[in-house]
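Heads up, the thing below is written out as structure tokens.
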Amino acid sequence: MPMPDSPPWSGDAVAATLERLRARTPLVHSITNLVVTNSTANALLAIGASPAMVEAEEESAAFAAIADALVINLGTMTPQRARGMEAAAAAARQAATPWVLDPVAVGALGYRSRVAVGLLAHRPQAIRGNASEILALEALSDPDRPGAGREAGNEGGRGVDSAHAPEAALRSARALSLRTGAAVTVSGAVDLCTDGARLFRVGNGHPMMTRVTGLGCTATALIGACLAVEPDPLLASAHAMVLVGLAGELAAERARGPGSLQMELLDALYLLDGATVIARASLTADELRAV
Amino acid sequence: MPMPDSPPWSGDAVAATLERLRARTPLVHSITNLVVTNSTANALLAIGASPAMVEAEEESAAFAAIADALVINLGTMTPQRARGMEAAAAAARQAATPWVLDPVAVGALGYRSRVAVGLLAHRPQAIRGNASEILALEALSDPDRPGAGREAGNEGGRGVDSAHAPEAALRSARALSLRTGAAVTVSGAVDLCTDGARLFRVGNGHPMMTRVTGLGCTATALIGACLAVEPDPLLASAHAMVLVGLAGELAAERARGPGSLQMELLDALYLLDGATVIARASLTADELRAV
Amino acid sequence: MPMPDSPPWSGDAVAATLERLRARTPLVHSITNLVVTNSTANALLAIGASPAMVEAEEESAAFAAIADALVINLGTMTPQRARGMEAAAAAARQAATPWVLDPVAVGALGYRSRVAVGLLAHRPQAIRGNASEILALEALSDPDRPGAGREAGNEGGRGVDSAHAPEAALRSARALSLRTGAAVTVSGAVDLCTDGARLFRVGNGHPMMTRVTGLGCTATALIGACLAVEPDPLLASAHAMVLVGLAGELAAERARGPGSLQMELLDALYLLDGATVIARASLTADELRAV
């Protein structure tokens, strides 16, 4: 429970979100990629949510309507999975289920770039990507730019890794947020979260996390879980980034390499307590001047 | 080897099943969901079976015919995978390959409910689900009930988690067993296994197992492995539930959280020996009065 | 850096390949099976490569053209994934992206046997399988053999496990290499690598590795990563087999069972240093007489 005068970017506020998450065990519907299906489900279970992976178009709309949040991740995209995503996102919007989009490798690949732009029409509450992905998605979704909705030109990253630092994508993140209404998170050594008006920086995390596949996807899934218990999408995004980053720090203190880091991170999400969150959260509010 | 006068629900009998499993390394064909493909294969390898995941309809029938057992799990269902399951189950029945059905989230979702009812026509030797899934599958497969084969109404669980305790599903489990001829297992804090005439309760397990994704799916896969070496499907089911529950208990003694539990469980399945099984199996036979 | 007079099968040469791999972090495009998507990506990240899983035919050709290497693995084959593989392999050949084929369970299953033979037309630089798979692929691809391209008769293994020792497949490996131009690796207790003219044996590895699913697939992925930094496909193959085998040995020294082995193997790939490679590589060149 945050102190009455704690700002929403304090460790107290993050701890309060975590407490609500565990009290409510929100049902988080995920349509994600083949690489991280298991690790995403385990991270959601470890933190205290209830994950369910339902991807076929025959089922995904009905399930998105009853879920507490929806996570859509564009990795290992196929036309079948794209149809399931489209149905789920439309149903989520109609049922007021909050949802988050992870535009994996958008910009580098034309097909999924078009799928991503199409999904934006269903108004995600949050978007999380690395700098290259956010730069590309902003360019692709700009109706005033020639070629918008098709290819991102040379903005694209190199596969799933970013070719840019987060700060380089701040202007695009703000524009994307204003255009779509979503809170936008650019993850990196320091994560940026903005809704166009406000800007938070999250300093939690550890460099070895980049050597475990899909921890960005885990972060997106935790944003989904937080959207179910925190009505402000920007706070939900920033709090989730603190939680995953802090779990990564704690895991790195015990890990020898990426194999043990992956295991320890699940233990850390499970063991994370409010006192540790309050003591170690690195979340700062900044002014978002004209960037 | 069980003592000549050991009942089939003794630890000796479970240890004998484990010994046969390791001696024969049965080829266990699995068509399972995207969340647990890796953990299912690893659990089967750890206990001593030989897993093979073959799901396309172009291949699944031919493989089910040569396998020693078949596992069909309805999680992350798609029409493509449903066709592969249908072909495999039909071939298994024709080739007398024993098979087990895991009706993940049946009742909550209309599409997979229909697939599940269709698969029952191929006469699985065993079925394992949580209480909500067994309640729903029994209702869906009842030809005398209005709406059978379509929706399970409000029997359905909340996503993949059960909204009911196992004992609440005992009557349905018995009816489903009598209707289908399958041994039916309802998993939970205490697991129930019945073939309509007999009833076993399995007390092995640990609460933290619910925080690792897919351990129910692992239990189903081990039932498949036991079906290959134990001709009585009820004993195969009950013995498998002891083995996975006991491995979970042993793992929990060493684990800090769900990440280490998942890793330790594979080690425990691999290291499990007959003496430990005999000392710690919690398997009791009960009378199945009119319930 | 190998000593000027170190032969290419020395530990120095393997250490030099590892050093180049880490310096260049090659982008390794993988189209692999559902069982190992996560563990393959994690192994590539741990050793120092940059993995990307892109499988749909709408994307796979474009990505194969920009990747540094391509890995195609036939496990859990579907027609959709086969089309993605076909497009990627064709694009890789045209763009001179080196690629490696893992013919999982070829011979045991008619459908994927036809896919495998079709992919050979796109000239992989390397092929890795167990003895049964290499025996079957050689037979299937022999234009002078009745039934070539259809079924492998009784050459097929039992599911994904080999029914033969590597040495039994040496003649077939050589013939397959001469016919396709690929370096062919037959993995087993001692791995054989040949290009038809030369033969290397790799003694690194540990028996417990067979109890973790998909370590053969991991080996194939590492061959892909080495193809990106070592122009001689035979050396790339042999060096990769040393690296994965040595990581397995180091992991086994710390593991209690297959669960911890899987975790420790990722740590070992990450921590592997040149001195350890030089001290422990077991790579020998042999004469390839008429076999």
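A:Ala41 - would you say it is over 24 Å from B:Ser260 (Cα atoms) and within 12 Å of chain B (Cβ to nearest Cβ)? Explain how you work it out, then say what you get.
Numbers: over 24 Å from B:Ser260 (Cα atoms): no; within 12 Å of chain B (Cβ to nearest Cβ): yes.
Taking the combined requirement at face value, the residue does not satisfy it.
I'd like the full set of residues that are within 17 Å of B:Asn73 (Cβ to Cβ) and touching a helix residue (DSSP H, G or I) at 6+ places or on another chain (Cβ under 6 Å), limited to region A:41-52. Walk me through how you get there before you give the answer.
To start, the set of residues in region A:41-52 that are within 17 Å of B:Asn73 (Cβ to Cβ) comprises A:41, A:51-52.
Scanning region A:41-52 gives a single hit, A:Pro51.
C:Val184 is checked against (1) within 18 Å of C:Gly245 (Cβ to Cβ); (2) surrounded by fewer than 23 Cβ atoms within 10 Å (Cβ to Cβ); (3) in contact with a strand residue (DSSP E or B) (Cβ under 9 Å, 6 or more places away or on another chain); (4) not small (Gly, Ala, Ser) and fails just one. What number does that condition carry?
Of (1) within 18 Å of C:Gly245 (Cβ to Cβ); (2) surrounded by fewer than 23 Cβ atoms within 10 Å (Cβ to Cβ); (3) in contact with a strand residue (DSSP E or B) (Cβ under 9 Å, 6 or more places away or on another chain); (4) not small (Gly, Ala, Ser), only one is false for C:Val184: (2).
I need the full set of residues from region C:172-181 which are buried (at least 24 other Cβ atoms within 10 Å of the Cβ), in contact with an Asp or Glu (Cβ under 7 Å, 6 or more places away or on another chain) and not hydroxyl-bearing (Ser, Thr, Tyr), in order please.
C:Leu176, the sole residue that qualifies.
Would you confirm, using the coordinates I've provided, whether C:Asn73 is more than 15 Å from C:Val229 (Cβ to Cβ) and at the interface with another protein chain (Cβ under 8 Å from one of its Cβ atoms)?
Values: more than 15 Å from C:Val229 (Cβ to Cβ): yes; at the interface with another protein chain (Cβ under 8 Å from one of its Cβ atoms): no.
For C:Asn73, the condition - more than 15 Å from C:Val229 (Cβ to Cβ) and at the interface with another protein chain (Cβ under 8 Å from one of its Cβ atoms) - is not met.
Which of the following residues is surrounded by fewer than 23 Cβ atoms within 10 Å (Cβ to Cβ), of a type in the set (Gly, Ala, Ser) and in contact (Cβ under 8 Å) with a residue 24 or more places away in the chain: B:Ser60, B:Ser50, B:Ser39? Before you say what the answer is, go through the steps one by one.
Working: B:Ser60 fails: surrounded by fewer than 23 Cβ atoms within 10 Å (Cβ to Cβ); B:Ser39 fails: surrounded by fewer than 23 Cβ atoms within 10 Å (Cβ to Cβ).
Exactly one residue qualifies, and that residue is B:Ser50.
For region C:237-291, enumerate the residues that are assigned to a helix (DSSP H, G or I), away from chain B (no Cβ under 14 Å), of a type in the set (A, V, I, L, M, F, W, C) and surrounded by 22 or more Cβ atoms within 10 Å (Cβ to Cβ).
Step one: filter region C:237-291 for residues assigned to a helix (DSSP H, G or I), giving C:237-254, C:258-271, C:274-280.
Filter once more, keeping what is away from chain B (no Cβ under 14 Å): C:237-250, C:253, C:268-271, C:274-280.
After this cut, where a residue has to be of a type in the set (A, V, I, L, M, F, W, C) as well, the list is C:238, C:240-244, C:246-247, C:250, C:268-269, C:271, C:275, C:277-279.
Once the filter is applied, which keeps residues that are assigned to a helix (DSSP H, G or I), away from chain B (no Cβ under 14 Å), of a type in the set (A, V, I, L, M, F, W, C) and surrounded by 22 or more Cβ atoms within 10 Å (Cβ to Cβ), region C:237-291 yields C:Ala238, C:Ala240, C:Met241, C:Val242, C:Leu243, C:Val244, C:Leu246, C:Ala247, C:Ala268, C:Leu269, C:Val277.
Please determine whether any residue of region B:227-247 is closer than 18 Å to B:Val100 by Cα, touching a residue at least 24 places away in the same chain (Cβ under 8 Å) and of a type in the set (Asp, Glu).
Scanning region B:227-247 turns up at least one residue that is closer than 18 Å to B:Val100 by Cα, touching a residue at least 24 places away in the same chain (Cβ under 8 Å) and of a type in the set (Asp, Glu).
Determine if region B:3-11 includes at least one residue that is within 12 Å of another protein chain (Cβ to nearest Cβ) and part of a helix (DSSP H, G or I).
Filtering region B:3-11 for residues within 12 Å of another protein chain (Cβ to nearest Cβ) gives none.
No: region B:3-11 contains no residue that is within 12 Å of another protein chain (Cβ to nearest Cβ) and part of a helix (DSSP H, G or I).
Counting only residues that are touching a Lys or Arg at 6+ places or on another chain (Cβ under 7 Å) and not in a helix (DSSP H, G or I), which one in region A:127-149 is modelled with the lowest pLDDT? Spell out the reasoning first.
Kept after step one, since they are touching a Lys or Arg at 6+ places or on another chain (Cβ under 7 Å), are these residues of region A:127-149: A:139, A:141, A:149.
In the following step, the residues that additionally are not in a helix (DSSP H, G or I) were identified as A:141, A:149.
Working: A:Ser141: 95, A:Gly149: 48.
That would be A:Gly149.
Does region A:190-215 hold any residues that are within 14 Å of another protein chain (Cβ to nearest Cβ) and either surrounded by 24 or more Cβ atoms within 10 Å (Cβ to Cβ) or among the hydrophobic types (A, V, I, L, M, F, W, C) (or both), and which are they?
Scanning region A:190-215 gives A:Met208, A:Met209, A:Val212, A:Thr213, A:Gly214, A:Leu215.
So which residues in region B:63-96 are part of a loop (DSSP other than H, G, I, E, B) and either crowded, with 24+ Cβ neighbours inside 10 Å or touching a residue at least 40 places away in the same chain (Cβ under 8 Å) (or both)? Explain how you work it out, then say what you get.
Of all residues in region B:63-96, those part of a loop (DSSP other than H, G, I, E, B) come to B:67-68, B:74-78, B:96.
Answer for region B:63-96, where residues must be part of a loop (DSSP other than H, G, I, E, B) and either crowded, with 24+ Cβ neighbours inside 10 Å or touching a residue at least 40 places away in the same chain (Cβ under 8 Å) (or both): B:Ala67, B:Asp68, B:Leu74, B:Gly75, B:Thr76, B:Met77.
Got a number for residues in region B:154-188 being more than 14 Å from chain A (Cβ to nearest Cβ), at pLDDT below 95 and touching a Gly at 6+ places or on another chain (Cβ under 7 Å)?
Looking only at that region, the number is 3.
Looking at C:Arg81, C:Arg22, which is the one that is within 9 Å of another protein chain (Cβ to nearest Cβ), at pLDDT 95 or above and over 17 Å from the mean Cα position of the chain (by Cα)? Before the answer, list the steps.
Numbers: C:Arg22 fails: within 9 Å of another protein chain (Cβ to nearest Cβ).
None of the others qualify; the one that does is C:Arg81.
Select from region A:104-149 the residues that are of a type in the set (A, V, I, L, M, F, W, C) and closer than 18 Å to A:Glu167 by Cα and write down the one among them that is nearest to the chain's Cα centre (by Cα).
This residue is A:Ile127.
Which pairs have Cβ atoms under 7 Å, sit 6 or more apart or on different chains, and link a residue in region B:97-126 that is assigned to a loop (DSSP other than H, G, I, E, B) to one that is hydrophobic (A, V, I, L, M, F, W, C) and surrounded by fewer than 19 Cβ atoms within 10 Å (Cβ to Cβ)?
As it stands, the answer is B:Thr97/B:Ala65; B:His122/B:Ala90, since those pairs meet every condition given.
Out of all the residues in region B:114-129, is one or more among the polar types (S, T, N, Q) and either within 15 Å of B:Thr194 (Cα to Cα) or surrounded by fewer than 24 Cβ atoms within 10 Å (Cβ to Cβ) (or both)? If you could, list the steps in order and put the result at the bottom.
In the first step, residues of region B:114-129 are kept if they are among the polar types (S, T, N, Q); the result is B:125.
Pick out the ones that are also either within 15 Å of B:Thr194 (Cα to Cα) or surrounded by fewer than 24 Cβ atoms within 10 Å (Cβ to Cβ) (or both) and you get B:125.
There is at least one residue in region B:114-129 that is among the polar types (S, T, N, Q) and either within 15 Å of B:Thr194 (Cα to Cα) or surrounded by fewer than 24 Cβ atoms within 10 Å (Cβ to Cβ) (or both).
Quickly run through region A:71-125 and pick out the residues that are polar (S, T, N, Q) and more than 28 Å from C:Ala65 (Cβ to Cβ).
Step one: list which residues in region A:71-125 are polar (S, T, N, Q), which gives A:73, A:76, A:78, A:80, A:94, A:97, A:113, A:125.
Hits for region A:71-125 are A:Gln94, A:Thr97, A:Gln125.
How many of the residues making up region B:44-57 are part of a helix (DSSP H, G or I), under 22 Å from B:Gly274 (Cβ atoms) and more than 7 Å from every other protein chain (Cβ to nearest Cβ)? Write out each step before concluding.
First, the residues of region B:44-57 that are part of a helix (DSSP H, G or I): B:44-47, B:57.
Of the ones still in play, those that are also under 22 Å from B:Gly274 (Cβ atoms) are B:44-47.
Imposing the further condition that a residue be more than 7 Å from every other protein chain (Cβ to nearest Cβ) reduces the set to B:44, B:47.
So the count comes out to 2.
Mind checking whether some residue in region C:92-114 is at pLDDT 95 or above, within 25 Å of A:Ala108 (Cα to Cα) and within 14 Å of chain A (Cβ to nearest Cβ)?
Yes; the residues of region C:92-114 include at least one that is at pLDDT 95 or above, within 25 Å of A:Ala108 (Cα to Cα) and within 14 Å of chain A (Cβ to nearest Cβ).
The values are calculated or read from the model by the stated rules, or taken from the named source; none is laboratory data. Please read these numbers as outputs of a predicted model, since none were measured by experiment. Positions of Cβ are backbone-derived with ideal geometry, glycine not excepted, and every protein chain shown enters the neighbour counts.
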